[in-house]
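First up is the structure itself, then whatever we jot down about it.
Where a number appears in this text, it was derived from the coordinates with a stated rule and is not lab data. As the structure is a prediction and not an experimental result, all values here were calculated from the model. All Cβ positions, glycine included, derive from the backbone under ideal geometry; neighbour counts span all protein chains shown.
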Amino acid sequence: MARPRLPVPLRPLDLLPALVLLAGAAWLLGGGPHARTGFPLDDAWIHRVYARSFAHLQGFAYNPGQQETGATSPLWAIVSAPAHALQFAGDDAVVLAVKAIGLLAALAALFALAALTRRLSGSRAAGIVAACVLAADPRLAFAALSGMETPLALALWLGGTAALVAGRRAAGLLLLGLGVTARPEMALVAALTALPTLVMGWLESGGRRRLARDAGVALLPAALWALFCLSATGRPLPATFYVKSVGFDLGWDRLRLAWDLLAQNGPLTASTLLIGAAALAVLLLRRRDHATDSAGLSLLLAPVVYLLAVVASRQIGLSGYYWTRWADPPALALTAAAGAGFGAAIARTGGLLPDRRRTPGRVLGSVLLFASLGGCLAGCLGAWGERRSRLESDGAAIARMNVQPALWLRSATPAGAVVGVNDAGALRYFSDRRVLDLIGLNLHDRAFGRATLNDLYQRMDWIAVFPATWSSTNLMDGFEERRVYTIPLAEYTVCDCPNQTTLVIGEKRRAR
């Protein structure tokens, strides 16, 4: 009779990765007031709009009574909704609560990676090293403090993989399925990671029934979200997919972009990431445990497929968090894979495992691994300093160009005013006015061509837009300028977007 698996007791050294992450997060928050009480993207305020509605039992309402599918991460809106219980203490309290929830998700990712590495290598020390490598990546702490869903998606990714490697099939499939509702691209990760498990389950006795059950567990979260999208908009996918998706293009320039995104703002070079990934691949190939190694190998393949899909299917660049946030989940997952490889190899070469033999190959491997980690420590300083500066400057830019205009609208317009906007996050959250998203991300009638720009013009009383975006139309002619917000391009560090450095608030000219 097999002995039941007992949980591994927690030791003080197991908390080292958490301390690294929390110390790094404290360093980032010390960059200035906007790092602490703001977000570096307006998209984070879109999440707040939906999370606030969910907290008030209004579903995914963008405007009151208007169910929309503009939340690219409905699960993040749900998970972070409790932060709005602190609304009585002010918006700053909500922001800090959201950052705390993001840090909890990042901590969950670290513990999942430690458990995964420990399971694959048989070494507790290897798990600690792997989690420390990931915790030392400032992109993880930055994402946790950004108000975005990246840490949640990563935690579900690593947690699902760790559960499958440990033989907990249902838990692993459910976590991967939930990941699809944290980031749409996680559908690729779920498919690549879960497919071997589904196939092996099908080959077992009673395979058809097991396959149906396992597939149902994995597909349930995405199916529920698709049903909501159908009921709200008549389309099975979020409106953001239809508005933002472009043709698939994977030329050499895109491949080079993917290579650059792997290491940008991180402590490891792309080459070092590949060395760590190769170390993990060697560990897995030597294990001879096909039931679990397939899930471990997916941690090497899935990030590459995810990253290539991102760079080939959307406009993306290297100029700011507005672009690089889409590449952060696969880049962080590959950092986790490299950390697992480094941890397992160092544990063996350093004599931390029972095998203490010294062969030329083992010695050479030790030199390469420790040299790579030395480069990681050197790169950490510059990467953390850059992310600290950007968390503050991006937050300041969003406060100036999104939050302040929204506060002015709340104070200067009547309660029933309807406002047309470009950026639809802070302007909706803070203005407390009915907002029409002229791009269509949070207005499915606009996204699916059921409402023209002229139709929306008839409904608007005010606009708060970037005039450069509408230079090819006569939209601005119908409004009288009331307020202008500008920012020098050098201070708009969110992205290299000259057309977003001037925002005009206008009131519709009434016929006399």
Per-residue ³J(HN,Hα) for segment 174-181, Karplus 6.51 cos²θ - 1.76 cosθ + 1.60, θ = phi - 60°, Hz, x for Gly and Pro: 5, 5, 5, x, 5, x, 5, 8
Calculated [θ] (222 nm, deg cm²/dmol) that DSSP helices of n ≥ 4 give over the chain, each run adding -39,500 (n - 2.57): -20000 deg cm²/dmol
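Could you give the length gained by full extension between ARG509 and ALA171, i.e. 0.36 nm per residue of separation minus their alpha carbon distance, to one decimal place?
Values: separation 338, 0.36 × 338 = 121.68 nm, distance 5.82 nm.
Here the segment from ARG509 to ALA171 would lengthen by 115.9 nm.
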Table column - 3J(HN,Hα) (Hz), segment 493-509, Karplus curve with 6.51, -1.76, 1.60, x for Gly and Pro: 7, 4, 6, 7, 10, x, 6, 10, 8, 9, 10, 10, 9, x, 10, 5, 6
Relative packing of peptides 21-27, 294-300 - highest average C-beta neighbours within 10 Å first: 294-300, 21-27
Alpha-carbon centroid distance for the pair segment 218-245 / segment 147-181, whole angstrom: 20
Chain lengthening between ARG410 and LEU57 when straightened (0.36 nm per residue, less Cα-Cα): 124.7 nm
Pairwise centroid distance, computed over Cα atoms, of segment 92-144 with segment 413-474, Å: 39
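Sorted by average packing, counted as other Cβ atoms within 10 angstrom per residue and highest first, what order do 147-155, 385-393 take?
Numbers: 147-155: 28.2, 385-393: 20.4.
Top to bottom by mean Cβ count within 10 Å: 147-155, 385-393.
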5 Å-binned pair-distance histogram of segment 81-144 (Cα, whole percent): 4, 19, 19, 15, 13, 11, 8, 6, 3, 1
Stretchable slack from LEU250 to ARG450, in nm (0.36 nm times residue separation minus alpha-carbon distance): 68.8 nm
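How would HIS56, HIS47 line up from fewest to most surrounding beta-carbon atoms within 10 angstrom?
On the way: HIS56 13, HIS47 26.
In increasing order of surrounding Cβ atoms, one gets HIS56, HIS47.
Sum up the charges of everything whose Cβ sits under 10 Å from the Cβ of TYR492, counting Lys and Arg as +1 and Asp and Glu as -1, but leave TYR492 out. If you can, show how the numbers build up before the last one.
On the way: positive: ARG400; negative: ASP394, GLU491, ASP496.
Combined, the nearby Lys, Arg, Asp and Glu give -2.
Grab the alpha carbons of segment 165-276, take their convex hull, and tell me the volume per residue in Å³.
Details: hull volume 19.1 nm³, N = 112.
Expressed per residue, the convex hull around the Cα atoms of segment 165-276 is 171 Å³.
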Inter-label distance for LEU104 and THR473, nm, one decimal - labels placed 7 Å from Cα along Cα-to-Cβ: 4.1
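Between PHE88 and SER271, what FRET efficiency comes out of the Förster formula 1/(1 + (r/R0)^6) with R0 = 41 Å and r the beta carbon distance, rounded to 0.05?
After rounding, the FRET efficiency stands at 0.20.
Let a ≥ b ≥ c be the square roots of the eigenvalues of the Cα gyration tensor of segment 56-194; is it rounded (a/c under 1.5), or, if not, prolate (a/b larger than b/c) or oblate?
Values: a/c = 2.70, a/b = 1.56, b/c = 1.73.
Oblate shape, in that a/c is at least 1.5 and b/c is the bigger or equal ratio.
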Descending semi-axes in whole angstrom, ellipsoid equivalent of segment 235-333, from the Cα gyration tensor: 28, 18, 11
In Hz, Karplus ³J(HN,Hα) per residue of segment 53-67 (6.51, -1.76, 1.60; θ = phi - 60°; x = Gly, Pro): 4, 5, 5, 8, 6, 10, x, 9, 7, 7, 9, x, x, 10, 6
